Each structure stands twice: as structure tokens, then as C-alpha cells.
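Note sheet for the following structure.
FYI, it's all coordinate maths here, none of it is from the lab. Values in this document were obtained by computation on a predicted structure and should not be read as measured data. Every residue, glycine as well, gets a Cβ built from its backbone with ideal geometry; the counts of neighbours run over all protein chains shown.
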Amino acid sequence: MKKSSETPQEKKESRRNFLSNLAMLTGLVLSYGALTIKGLLFIIPPKSQVKRRKIYAGRLDEYSLGTIQKFFDLEGKEILVKRSNEGIKAFSSVCPHLGCRVHWQPENKTFFCPCHGGEFDADGAPIAGPPKDGNTPLFEVPVHVDESSGIVYLQVKDTSGGLS
Ligand code: FES
């Protein structure tokens with residue numbers, strides 16, 4: 001058996017160095033681990049847990065072509081629902097530029113925002129003003145039409161916090 005040539009003082013110092021290095025290594029692993037997790041969450045955001053609720057928006061046969069019907073989501077924000085040859089589409093009336101209310105102009109078949117002259121075509125695409133410069137379309141609200149009953153539903157964000 002090999003006899004250690006270290007003095008008790010050296011052994012004590014060696015053990016102290018070992019424990020000190022172990023503590024430093026543990027700290028580094030924890031801090032870089034936390035940094036890595038934060039970085040990954042930034043790059044890959046967690047899936048959105050937005051709950052949606054269907055709200056009644058009339059019957060399909062109540063919509064005439066080219067007209068708009070107005071509804072309100074659970075936060076009281078206006079939704080403009082339009083029927084065209086392509087089907088039903090719904091948009092938030094909140095302008096994506098600075099949040100003014102857009103209005104349907106049947107004579108032009110466009111949505112118009114009076115605040116800065118923003119204009120959108122019938123599909124919500126920006127065609128004039130700051131929304132066109134920023135290429136920001138109207139926010140579209142998902143629509144579901146029940147085939148058998150012809151009832152139109154808007155799928156709005158559920159802010160009720162209650163049971164579905
Ligand atoms: Fe609508 Fe500026 S808020 S164009």
C-alpha cells in the first residue's frame with residue numbers, strides 16, 4: 001500500500017480546494033442551465049393557451065352579400081362580419097395602426113379608418129395609409145358556420161374565466 005506523502009495540513013487544503021471547486025462548478029452548472037432554459041423559452045415560446053368561446057352571430061341566410069353585421073366579443077370589442085361570394089369573414093373593428101375603429105364603406109367596398117386615413121379591402125388587406133405602409137391587415141376573427149343549421153358562430157377569446 002502506497003503511503004501518502006501529504007501532510008495533514010496539505011490534505012486539509014486539498015479537501016478545501018476540492019469542495020471549493022465543486023461549489024463553483026455547481027454554481028456554474030445551475031446558472032448556465034437557467035440561462036439555457038431562459039434562452040430556449042425565448043426562442044421557442046410556450047404554446048398559447050388562449051381559450052376560445054363560440055358566440056352566436058346570426059344565421060347565414062340573414063346576411064346579404066356585401067353587407068356588414070356588427071357583434072361584440074366578450075371584452076366588448078366590435079366585430080364586423082361580412083358575407084361575400086367567398087363566404088363569411090369577420091374582422092375586429094380595431095385598426096391595427098393605433099387602435100381607432102374602422103368602418104365599412106359599402107360604396108367603396110372597403111374598411112376605412114378615419115384617424116389617419118387607413119384603408120383595407122373587403123378581405124381586410126391594407127390598401128392605403130399607415131396600415132399599408134406597415135403592411136398590417138385587419139385582425140381576422142375565426143368564423144364557424146354550422147352546415148346543418150346555417151348558424152354562424154364567431155370564435156372569440158374567452159375572457160370570462162368561468163366554465164365553458
Ligand atoms: Fe387607423 Fe391610424 S389608427 S390609420
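What is the distance, in nm, between label points placed 7 Å from the Cα along the Cα-to-Cβ direction at Arg52 and at Leu30?
In this crude label model, Arg52 to Leu30 measures out at 4.3 nm.
For the charge dipole of the stretch 1-107, defined by +1 on Lys and Arg C-beta atoms and -1 on Asp and Glu C-beta atoms about the Cα centroid, which residue among Ser5, Phe72, Leu41 has the Cα displaced farthest towards the positive pole?
Positive-end residue among those listed: Ser5.
Provide the per-residue ³J(HN,Hα) series for the stretch 55-71, in order, calculated from phi with Karplus coefficients 6.51, -1.76, 1.60 and θ = phi - 60°, each as a whole number of Hz, with x at glycine and proline positions.
Rounded to whole hertz, the list is 10, 5, 9, x, 10, 4, 6, 7, 9, 9, 4, x, 9, 10, 10, 10, 9.
If the only charges are +1 at each Lys and Arg Cβ and -1 at each Asp and Glu Cβ, what is the size of the charge dipole of the stretch 16-164 around the Cα centre, to the nearest 20 debye? Please report the intermediate quantities before stating the final value.
Values: 17 positive and 15 negative charges, 156 e Å.
Here the stretch 16-164 has a charge dipole of around 740 debye.
Taking the Cα atoms of the stretch 26-164 alone, what are Rg (to one decimal) and Dmax (as a whole number) in Å?
Rg then Dmax for the stretch 26-164, in Å: 19.9, 70.
Calculated from DSSP H runs of 4 or more alone, at -39500 (n - 2.57) each and per residue, what is the 222 nm mean residue ellipticity of the chain, nearest 500?
Working: 2 runs with 42 residues, N = 164.
Value at 222 nm, helices only, nearest 500: -9000 deg cm²/dmol.
Mind listing the lone cysteines of the chain, meaning no other Cys beta-carbon sits under 4.7 Å from theirs?
So, none.
Sorting check: for 38-46, 149-157, 88-96, which peptide has the highest mean count of neighbouring beta carbons within 10 Å, and how do the rest follow?
Values: 38-46: 8.6, 149-157: 16.7, 88-96: 20.6.
Ranking, from highest mean packing down: 88-96, 149-157, 38-46.
Whole-Hz Karplus ³J(HN,Hα) for the stretch 84-98, in order, using 6.51 cos²θ - 1.76 cosθ + 1.60 and θ = phi - 60°, x for Gly and Pro?
10, 4, 7, x, 9, 10, 10, 9, 5, 7, 7, 5, x, 6, 10
Mind checking which lysines have their Cα closer than 26 Å to the Cα of Lys38? Skip sequence neighbours fewer than 8 apart in that chain.
Of all the lysines, those that pass the test against Lys38 - Cα under 26 Å, at least 8 places apart if same chain - are Lys47, Lys51.
Quote the FRET efficiency, to the nearest 0.05, computed for Asp121 versus Leu41 with a Förster distance R0 of 30 Å and r equal to the Cβ-Cβ distance. Please list the in-between numbers first.
Values: r = 38 Å, r/R0 = 1.26.
Efficiency computed from Cβ-Cβ geometry: 0.20.
Residues with amide H under 5 Å of Gly118's amide H, sequence separation 5 or more or different chain, H placed in the peptide plane at 1.01 Å from N; which?
Cys113
What lysines could a cross-link reach from Lys12, if we take a straight Cα to Cα line under 30 Å and drop same-chain neighbours fewer than 8 places away?
By straight Cα distance, Lys12 reaches Lys2, Lys3.
What distance in nm separates the two pseudo spin-label positions at Ser14 and Ala128, each 7 Å out from Cα along the beta-carbon direction?
Taking the simple label geometry, Ser14 and Ala128 are separated by 8.6 nm.
Between Leu22 and Thr67, what length in nm is gained on full extension when 0.36 nm per residue of separation is reduced by their alpha carbon distance? Please report the intermediate quantities before stating the final value.
Working: separation 45, 0.36 × 45 = 16.20 nm, distance 7.22 nm.
So the chain would gain 9.0 nm between Leu22 and Thr67.
Over the chain, what is the mean sequence separation of C-alpha contacts under 8 Å (at least six apart), divided by residue count, expressed as relative contact order in percent?
21 percent
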